[in-house]
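J.: Let me give you the structure first, and then I'll get to my questions.
The values are calculated or read from the model by the stated rules, or taken from the named source; none is laboratory data. As the structure is a computational prediction, the values presented were derived from the model and not from experiment. Ideal geometry is used to build each Cβ from the backbone, glycine not excepted, and the neighbour counts take in all protein chains shown.
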Amino acid sequence: MATILTEKVKTLAELPFDNYRVNADVLTGMVENHLLENPTLSGFFILKNNDIFGIVSRRDFFELMSKEYARDIYTKRPIELLNNSYDKKPLRIDIDTEINEAVKFALERPPETIYGPIVVVRNGLEVGMLELSVLILAQAQMFSSINEKLVLQEQDLRRYAQKIEKEKQKVKEYSEQLEEQQVELRTSNELLKVQTRKLEQSKEEISRKSERIGNLNRSFAELGMLLSKEGRNTFDALGSGVTSMVNFSEEIAKICDSFRDKFKSIDHGTFLIQRISKKVDNLSHQTSIIAAGLPADDSRASSFNMIAEEIKNLSQQIAEANSTINSMAQQLKPEIKFLLKTSEKNKTVVKSLERNSQGTQSALDSLANLIDQGQGNE
């Protein structure tokens with residue numbers, strides 16, 4: 001931040017004074033020589049009995065001395081004589097007066113005395129003499145110093161203004177961001193309210209569902225206990241039934257094996273019957289040949305014919321019986337094969353039921369354990 005210009009107020013006490021003093025009986029020529037040797041002196045004080053009774057400026061002194069006959073009159077006479085013919089009163093300013101104010105007082109003098117020196121006093125006593133040029137130069141230096149400080153201050157103020165402008169821009173950006181954040185916050189608050197309402201609704205729904213779940217848990221517990229008790233009995237009975245089915249399937253398999261053996265016997269018997277039938281046919285044919293070879297009046301011929309006829313009938317009956325047996329065997333074979341396949345399938349199904357029964361029994365045991373744990377937690 002720029003610092004405010006604070007300049008210490010300068011007074012006449014800080015300026016260099018002339019304090020050239022001469023006694024009233026000093027010759028005017030000596031005073032003139034001293035002024036010529038010291039061109040910076042503003043004038044001189046005339047003392048009489050150590051008191052100042054006259055003040056003459058350098059300019060007025062040389063003006064008086066430049067008048068006609070003045071040098072002849074005053075040079076070899078005391079300075080008191082010149083003072084008697086000098087009636088100008090210089091401006092008197094207190095030593096603690098500010099320089100600016102002293103310049104103001106000095107410039108307010110009449111034109112004929114405006115450039116004369118200023119007598120500086122302290123408590124009414126003269127302490128020195130000061131030229132207007134020195135006073136104005138001091139004011140100019142003071143103004144220059146102030147101006148430099150003002151320039152520096154202006155630069156500081158400009159930098160500060162630029163900094164403030166940047167800060168204002170930042171504040172503006174912050175304000176815009178804050179407004180955006182406020183809008184986002186309002187939106188978020190609205191969303192939060194909506195979510196809060198949804199959460200409350202969800203909480204109520206969860207509470208209702210929890211109550212339902214509790215009821216379902218109790219129902220499941222009761223059902224589990226019922227399943228645990230009734231299921232054990234049911235699966236015990238199922239196990240017994242499975243065992244019975246296994247035994248029954250094994251018996252069916254044995255019966256099928258027996259049928260297979262009997263079919264082999266039937267096939268063998270059928271084969272024998274076919275051979276007998278062929279032999280009977282051959283015997284009937286031979287009998288017919290023998291009967292045909294006998295005379296017509298031979299009684300044996302009729303007997304052979306009867307025997308041949310009976311043999312022929314027997315052969316036909318044997319053939320019919322063989323055909324019937326073969327037909328029955330052919331009809332029974334698919335059924336026996338189907339029965340065998342069914343028996344094998346029953347074995348597979350029964351074994352699967354047995355495994356499932358064991359798995360179900362294990363599941364029932366686990367269910368019973370879970371029910372016991374749930375009751376223990378309650």
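J.: Output yes when any residue across the range 150-163 is in contact (Cβ under 8 Å) with a residue 24 or more places away in the chain and under 30 Å from residue 114 (Cβ atoms), and no when none is.
T.: There is at least one residue in the range 150-163 that is in contact (Cβ under 8 Å) with a residue 24 or more places away in the chain and under 30 Å from residue 114 (Cβ atoms).
J.: Something else now. Which one is farthest from residue 325 (Cα to Cα), of the residues in the range 270-294 that are of a type in the set (Gly, Ala, Ser) and surrounded by fewer than 14 Cβ atoms within 10 Å (Cβ to Cβ)?
T.: Ranking the qualifying residues of the range 270-294, first place goes to 293.
J.: Could you give every pair whose Cβ atoms fall below 9 Å, whose first residue belongs to the range 113-127 and is among the acidic types (Asp, Glu), and whose second residue is outside any strand (DSSP E or B), counting only separations of at least 6 or pairs across chains?
T.: 126/19
J.: Now a separate question. Pairs, please: C-beta under 9 Å, at least 6 apart or cross-chain, first residue of a type outside the set (Gly, Ala, Ser) and in the range 75-88, second assigned to a loop (DSSP other than H, G, I, E, B) and modelled with pLDDT under 90?
T.: Hits for this filter: 88/112; 88/113; 88/116.
J.: For the range 42-61, state whether one or more residues are closer than 18 Å to residue 16 by Cβ, in a helix (DSSP H, G or I) and at pLDDT 90 or above.
T.: Yes.
J.: Okay, next question. So residue 169 fits all but one of (1) surrounded by 12 or more Cβ atoms within 10 Å (Cβ to Cβ); (2) assigned to a helix (DSSP H, G or I); (3) polar (S, T, N, Q); what number is the exception?
T.: (1)
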